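These notes are about the structure you will find just below.
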Amino acid sequence: MKIHCPELPKNLKEETEWAGLEAWAREEEADISGCRLTGITEPGADLSRLTFRGVRWERCRLNEAEAERAAFIDTEFVGCDLSGANFDAAFFQRCRFTDCKGVGALLPGARLQHVTWDGGDWRYAVLDTAQGKGIRLTRCDFSGSSLSEMRVTGWELEEAELIGVNFSHTSLSGVDLTQCRLEGIRIAGGELKGAVVTPYQAAELALLLGVVIRQE
């Protein structure tokens, strides 16, 4: 399926101060929209239940941010630190993360519609029970992450590091894994049925299933 990119306005308003913008959005019960947030350093920032539309975050430090049930629509994150951020049950539609750091980020139960991770370090992230359609992982590192019980269709994976990822109860049927590193992944049973892999990967994955490959 075609994965759609964020649709941002051509002229974004520059914003460099977060506290006032957050206070205004909560007081007015309004969306934060049509702006570029640049160089904001707000570890532990409260984004929870806010809605962002047509927003570009650039070089922002939002590690340990609280963003439960926030909505990100037509939103880009570029060169941001989102390590340890909590996006529990957040909604992402036409979003892209470019060269971001999201080590240990929490996205359990997230709803993902046309979301791209392009580059970046997302080791040990948690996306358990996330659901949606149109997910692209390109040249990014999700090693050690937990992607269990996901209900997602339309995966695109290109040069993704998936070493030690927990895919338990997440169907990978029809997913092309040939350009990814899969060593040591965890599965519960039939998750790989219908997945596309290389002969080398097949030999590696056979060990997970208890298959003995005998050389003639």
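The values are calculated or read from the model by the stated rules, or taken from the named source; none is laboratory data. Model, not experiment: these values are computed from the prediction. Because the Cβ atoms are built from the backbone with ideal geometry, glycine has one as well, and the counts that use them run over all protein chains shown. Ligands, DNA and RNA are excluded from the accessible area calculation, which covers all protein heavy atoms including side chains. Shrake-Rupley method; radii C 1.70, N 1.55, O 1.52, S 1.80 Å.
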Top-ranked residue of segment 172-204 - restricted to ones that are among the small types (Gly, Ala, Ser) and surrounded by 14 or more Cβ atoms within 10 Å (Cβ to Cβ), ranked as modelled with the lowest pLDDT:
Gly184
When both residues are 6+ apart or on different chains and their Cβ atoms are under 6 Å apart, which pairs have a first residue that lies in segment 51-72 and is within 12 Å of Ser33 (Cα to Cα), and a second that is among the hydroxyl-bearing types (Ser, Thr, Tyr) and outside any loop (DSSP other than H, G, I, E, B)?
Phe52/Thr75; Arg53/Ser33; Gly54/Ser33; Val55/Thr75; Ala71/Thr51
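Residue-wise test of (1) more than 10 Å from the chain's Cα centre (by Cα); (2) under 20 Å from Glu183 (Cα atoms); (3) among the aromatic types (Phe, Trp, Tyr).
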residue	(1), (2), (3)
Trp122	no, yes, yes
Thr129	yes, no, no
Lys133	yes, no, no
Arg139	yes, yes, no
Leu157	yes, yes, no
With respect to Arg49, determine if the residue is surrounded by 11 or more Cβ atoms within 10 Å (Cβ to Cβ) and touching a Pro at 6+ places or on another chain (Cβ under 8 Å).
no
Restricting to segment 134-171, count the residues that are open to solvent by 50 Å² or more (accessible area, probe 1.4 Å) and among the aliphatic types (A, V, I, L, M).
1
Which condition from (1) in contact with a helix residue (DSSP H, G or I) (Cβ under 8 Å, 6 or more places away or on another chain); (2) surrounded by 14 or more Cβ atoms within 10 Å (Cβ to Cβ); (3) outside any strand (DSSP E or B) is the one that Ala30 breaks?
(2)
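Results for (1) assigned to a loop (DSSP other than H, G, I, E, B); (2) in contact with a helix residue (DSSP H, G or I) (Cβ under 6 Å, 6 or more places away or on another chain); (3) surrounded by 16 or more Cβ atoms within 10 Å (Cβ to Cβ), shown as yes or no for each residue.
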{"position": "Ala19", "(1), (2), (3)": "no, no, no"}
{"position": "Glu22", "(1), (2), (3)": "no, no, yes"}
{"position": "Pro43", "(1), (2), (3)": "yes, no, no"}
{"position": "Val55", "(1), (2), (3)": "no, no, yes"}
{"position": "Glu64", "(1), (2), (3)": "yes, no, yes"}
{"position": "Phe72", "(1), (2), (3)": "no, no, yes"}
{"position": "Glu76", "(1), (2), (3)": "no, no, yes"}
Can you tell me how many residues in segment 78-95 are in contact with a His (Cβ under 9 Å, 6 or more places away or on another chain) and open to solvent by 10 Å² or more (accessible area, probe 1.4 Å)?
2
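Restricting attention to segment 166-212, report how many residues are of a type in the set (Lys, Arg) and closer than 20 Å to Val126 by Cα. Can you show your working first?
Applying the first criterion (of a type in the set (Lys, Arg)) to segment 166-212 yields 181, 186, 193.
Narrowing the set further to residues that are closer than 20 Å to Val126 by Cα leaves 181, 186.
Residues that pass the stated criteria total 2.
Please go through segment 12-41 and pick out each residue that is at positive phi and touching a Gly at 6+ places or on another chain (Cβ under 9 Å).
Initially, segment 12-41 is screened for residues at positive phi, giving 29, 34, 39.
Across segment 12-41, the qualifying residue is only Gly34.
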Would you please list the contacts, defined by Cβ atoms under 6 Å and residues six or more apart or on different chains, that run from a residue in segment 87-109 that is more than 17 Å from Arg53 (Cα to Cα) to a residue that is among the charged types (D, E, K, R) and buried (at least 18 other Cβ atoms within 10 Å of the Cβ)?
Lys101/Asp81; Lys101/Asp121; Val103/Asp121; Val103/Arg123; Pro108/Asp128
